[in-house]
Ligand SMILES: [Zn+2]
């Protein structure tokens, strides 16, 4: 299991890396603030994203729901 942190709101996600037999190009946006968390272009893709820790909205310092 790998982890990544949103650089905007600080939300923490866990994910798995998967090797596909084909190439895929996509990105995952933060469920909290919409920031692009990670993008990929190839056969190694992140998948099974799971929000571990909510981020904080900068606008009013409240936690995302
Ligand atoms: Zn975020």
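Nothing in this text is a laboratory measurement; each read-out follows from the coordinates by a stated rule. The model shown is predicted, which means the values in this text are computed figures rather than measured ones. All Cβ positions, even for glycine, are placed from backbone atoms using ideal geometry, and neighbour counts span all protein chains on display.
May I ask you to sort 13, 22 by Cβ crowding, counting other Cβ atoms within 10 Å and putting the fewest first? Intermediate results must be reported in sequence, preceding the final value.
Values: 13 23, 22 6.
With the sparsest Cβ surroundings first, the list reads 22, 13.
Give me the percent relative contact order of the chain, please, defined on Cα pairs under 8 angstrom at least 6 residues apart. Walk me through the numbers on the way to the answer.
Values: 138 pairs, mean separation 23.2, N = 65.
Across the chain, relative contact order equals 36 percent.
What is the gain in length, in nm to one decimal, between residue 2 and residue 49 on full extension, counting 0.36 nm per residue of separation less the C-alpha to C-alpha distance?
Details: separation 47, 0.36 × 47 = 16.92 nm, distance 0.97 nm.
Stretched fully, the residue 2-residue 49 segment lengthens by 16.0 nm.
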Gain in length, residue 23 to residue 41, computed as 0.36 nm per residue apart minus the alpha-carbon separation, to one decimal in nm? 5.8 nm
The chain: proportion of alpha-carbon pairs further apart than 14 angstrom, %: 56
